[in-house]
Each structure stands twice: as structure tokens, then as C-alpha cells.
1. Consider a paramagnetic label point 7 Å from the Cα of K168 along Cα→Cβ; state which residues of region 65-96 have an amide N under 15 Å from it.
2. Which entries of K74/K118; K98/K168; K118/K196; K98/K196 show an alpha-carbon separation above 19 angstrom in the structure shown?
3. Taking N as the number of residues in region 55-252, what value does Rg over Cα atoms divided by 2.2 N^0.38 Å take?
4. If R0 is 25 Å, what FRET efficiency do you get for R77 and T156 from their C-beta distance, rounded to 0.05?
5. Go ahead and collect, in residue order, the members of region 220-238 whose backbone nitrogen is under 18 Å from a label point 7 Å along the Cα-Cβ direction of E249.
6. How far is it, in nm, from the label point at T181 to the one at E116 when both lie 7 Å from their Cα along the line to the Cβ?
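Rule-based calculations on the coordinates, nothing more; no lab input. The model shown is predicted, which means the values in this text are computed figures rather than measured ones. Here the Cβ positions follow ideal geometry from the backbone for every residue, glycine too, while neighbour counts run over all protein chains shown.
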Amino acid sequence: MQNIHQTACRKLVKHFKLYNELFNPQQRRLLRETTVQRRTSFSGKMAPRNSSRNLRVLLDMDGVLADFEGQFLKRFREKYPHDPFVPLDERSGFYVTKQYYALGQDIGTKAFGIYEEKGFFLDLQPIDGAIEAAREMAEMEGVDVYICTSPIKKYTHCVVEKYQWLDKHLGKEWMERMILTRDKTVINGDLLIDDKPNITGGMNPPKWQHVLFTSYHNRDVVLQDGQIRLDGWLPHSRWRDILEQKRQEISEQ
Ligand SMILES: [Mg+2]
């Protein structure tokens, strides 16, 4: 080992002598300056070590882009006009059927059937300002937007209609952004805008920060650690500020 080291040192000395013999001091300075310039220009094309990356925003569909609650009540009242129902301003708890089961076993069963019917998910009306906000967000420089939605277990109509809804309201190019999952915690994102107060799953904690989108059922829910509330999409909504703040956090990491 020592011999190898000695040989390497002798070669280095030999090359250093050769270098000094070949180039005069002015030429050696020029060579050093050229090398530094090449390094600088190369690193200039690379992203700085802590540079910001794109912000990844996950948008829930039902209750955030599409008016699930309004459509549910409308359909229920049309189909069962003589049955008791829960007005929107009396909604509480994430699962609408749970509240209907409290009115009677048969009412709960009827409620369940409402959103399993063909056309329910396709006919959902967009929430006010949601389509405009989603488009604006997707066009923002440095922001990647995905749709992150959980189909119901009886998926026959729901899955295909979620794609159709996205196509109808936002266009074919949005198909690329669709993420269908029953477990949103395993999806990698920076922000998840979702109306469900407690989102649990295989990844604890998830990588994203939860922005709780206000809906009738979650108005009185107390925010948990790290959650932020977003009250809607309309003009004075703070969604742009929330994205900007998260982008700032990422750039400081
Ligand atoms: Mg939802």
C-alpha cells in the first residue's frame, strides 16, 4: 500500500514539474481562470441546492369541486317527497347516510341508494367558483394540480362518472391529473384540499398538509394540528395565499 502511495506522489510531482515547464506564469493563470469559468457556467445551469420545486396541490372532488351535498338532498326529496330529510343547514358529520339512518333504518337505506344510482356523480353541479379556481391554479407557474378523489365502494357508476364529470367541466387534458384512491394518505403532495375532517390511512402522518374545505357538514369542526380552513372558491377566497405560503415553506426547506 505504501509503495502505491509513493508511486502516486512521484507521478504527481512529475506532472506538476511538467506543468510548470510547459506553461509560463501568465499561461498558468489563464488556464486557472478558464477552469473556474467553466465550473461556474456549468453550475449556473443546474438548480441551486435548495431551489424550490413545483408545488403539488391535490384537489378533492366531492364537496370541493362538485356539490355532493346539494345534489344528494335534491335527489332524495325528488324521489322520496313524503319522507323526512335533513336540510343542508342541519347537516353534521361527514357521512350523510349516518344522519339519515338516525331518522329510521329505512330512511338510511333509501339515502344510501341515492348516490349509488346511475347519473348521480355525473350530474353534480360544480361548486361556485371551483372550475375557475382549478383552471387558474393549473395555469400558475410552479404549481402542479391533481384531482384526488375516493370512489364509493359500489363503484359501478361512480368511477366512470367521475372521469366524465372531469371531462365535462374541465376537459380531456385533466384526465392526466386524475388520482382515484381509497387512501389519500399515501399520495405524495404538499396540500390536500378536502372537505373530510379526518383523513386517515396507511401513511401517518401524510406528506401533505390538509386544507379543510368548508362544507355544511364540517362548519363546526375544530381544526386539528396543521390543518388550515378554506371557506370557498369565490373571489375573496384565500386559496391563493395558502398556496403562496406553502410555496414559501418549500423554498425554505
Ligand atoms: Mg370530499
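1. The answer is 65-72, 75.
2. Values: K74/K118 15 Å; K98/K168 31 Å; K118/K196 24 Å; K98/K196 15 Å.
The pairs that break the limit, which is 19 Å between Cα atoms, are K98/K168; K118/K196.
3. Details: Rg = 16.9 Å, N = 198, 2.2 N^0.38 = 16.4 Å.
It is 1.03.
4. Values: r = 24 Å, r/R0 = 0.96.
With a Förster radius of 25 Å, E is 0.55.
5. Only 223-231, 238 fall inside the zone, counting backbone N under 18 Å.
6. Inter-label distance under the simple model: 2.7 nm.
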